[in-house]
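> Sharing a structure, written as structure tokens. Questions coming.
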Amino acid sequence: MLEARQFLRSLFDAAVAAAKPEHCMQRWLPPKPAGRVFVVGAGKAAAAMAQQLENYWGGALEGTVIVPHGYAENCSGVQVVEAAHPVPDETGLAATRSILEHVTALSADDTVACLLSGGGSSLLSLPAGGVTLREKQSITAQLLRSGAAIHEINCVRKKLSGIKGGKLAAACSPARVISMIISDVPGNDVSMVASGPTIADTSSVADALQILDRFQISVSNAARAAITACRPVSIDDGDIRILATSDDALLAASALAGERDVPAYSLGDLSGDARELARRHAELAQQIAAGNGPLPAPCVLISGGETTVDVQGKGRGGRNGEYALSLAIALNGHPAIHALAGDTDGIDGTEDNAGCFVSPDVLNRAAALGLDANEMQSHNDSYGFFSGTLDLIVTGPTRTNVNDFRAILISGEED
């Protein structure tokens, strides 16, 4: 059997590469518009997208894009601002105000190229009237720890924002808007990528309030009033171009597996609680390894999407680490199963790793180091666990984001 870790890492790398702007952007670009082109954007891929736009369109491009720290690229005319993620900061706020100031001065002869990708919601930050940045930070942090799904988090973000939920597009009028999107949202609902600053908001005030109440998010009366006062803007969504999605990543990984004579079966984009998904995947993988599953071994199961984590402990780690640790516990050292879980943006949660490997001996190696998997899981400390066993996947910022990638290799034999 091929070397499992190397094989799984190659699938992850292929998935990431398929979603990089330099590989996915050119075929979806329209011809360069006549007149002035102003570039705006936010997200983990925004600077790489701006760089490619300058390469392909050429000429004088200007504007501002906002990226997390470490995600900058060298652009000739477009300014790249690095700001905090996933909780907004003053730098992102100042850059957002600058973007809004510039687009409101455009004419019908101008074009706005809006470059959006995952991470844009926190970077393109302009609290609604009556809401302070400090409270926006608090609400965001609470939501991220609550177990809420991304569409629920972004629903609230839109109502608390002066630029999301189509408000940026409204400010650009009468200029033409071209939205170029690398989607990190399951189902590719473009209104949810970066909270849809150029896409009409179809969620309601009642939706946002219900989410806050269901997840017991603490908000001030001023913030609740701002949400209640939010009204959808009337806009034409304009020219929307989806440059890459999780499907592209899964197809690339499947193709590479096939080239290496390992049948790949895609489970598609999946969501829900990370621990529960891991338990279901462990059960399926064990059935396949035993020869009584729906698929023959050897094979690799791949999936994308975005899970959630209800953070109860004070440990470190992201949703991929949570999934990987839960998978390791559920597999309990099964000798024929290896796995990988990682975020295509290169950062799992707020740590420095993209994800983690799971091998048959990981629990034994951890125990020899005095690491109790179940105890560390109870503290949401997947980072501490896999850091100790040297099973972290560290890529650095990938400058793209089509969300999570998971691969489970079932060899059908003991390694």
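Read-outs throughout are calculated quantities, based only on the coordinates presented, and are distinct from any laboratory measurement. Since the structure is predicted, the reported quantities are computational estimates derived from the model, not experimental observations. Note: ideal-geometry Cβ built from the backbone for every residue, glycine included; neighbour counts use all protein chains shown.
> Once you have all Cα-Cα distances for the range 21-244, histogram them in 10 Å bins from zero and send the whole-percent values.
Binned Cα distances yield the sequence 9, 37, 37, 14, 3, 0.
> Using the C-alpha gyration tensor of the range 242-331, what are the square roots of 5 times its eigenvalues, in whole angstrom, with the largest one first?
Largest first, the range 242-331 gives 24, 19, 10 Å.
> Sticking with this structure for a sec: Quick one: longest stretch of the chain between exposed loop trypsin sites (Lys or Arg not before Pro), exposed meaning at most 13 other C-beta atoms within 10 Å and loop per DSSP?
Here the longest run is 1-259.
> Looking at this model, which pairs from LYS44/LYS164; LYS20/LYS314; LYS44/LYS158; LYS20/LYS136 are more than 26 angstrom apart at the alpha-carbon?
Listed pairs above 26 Å: LYS20/LYS314; LYS20/LYS136.
> On a full-extension model of 0.36 nm per residue, what is the gain between GLU3 and VAL394, subtracting their alpha-carbon distance, rounded to one decimal in nm?
Value of the extension gain: 138.9 nm.
> May I pose another question? To check you understand DSSP bridge types, tell me what percent of the beta bridges within the range 21-244 (both residues inside) are antiparallel, rounded to 5.
5
> Of ASP207, ASP201, how do they rank once you tally other Cβ atoms within 10 Å and put the fewest first?
Ascending number of Cβ neighbours within 10 Å: ASP207, ASP201.
> Where Lys and Arg each count +1 and Asp and Glu each count -1, what net charge lies around ALA255 among other residues with Cβ under 14 Å from its Cβ?
-4
> Over all alpha-carbon pairs of the chain, lay out the pair-distance distribution in 10 Å bins, whole %, shortest bin first.
Pairs per bin, as whole percents: 5, 23, 30, 23, 13, 5, 0.
> Counting every Cα pair in the range 230-283, what percent are over 16 Å apart? Before the final figure, lay out the partial values.
Values: 952 of 1431 pairs.
Value for the range 230-283 (Cα pairs over 16 Å): 67 percent.
> Right, here's the next one. Give the longest segment of the chain that steers clear of GluC sites (Glu not before Pro) in DSSP loops with at most 16 neighbouring Cβ atoms within 10 Å, not counting the sites themselves.
Working: sites that count: GLU3, GLU413, GLU414.
For GluC sites (Glu not before Pro) (loop position, at most 16 other Cβ atoms within 10 Å), the longest site-free span of the chain is 4-412.
> Right, next: I'd like the Karplus ³J(HN,Hα) series for the range 295-311: coefficients 6.51, -1.76, 1.60, θ = phi - 60°, whole numbers in Hz, and an x wherever there's a Gly or Pro.
9, x, 9, x, 6, 10, 9, 10, 7, x, x, 8, 8, 10, 9, 8, 6
> Hey, another quick one. Using a 7 Å offset from the Cα along the Cα-to-Cβ direction at both SER204 and ARG241, what is the distance between the two label points in nm, to one decimal?
3.7
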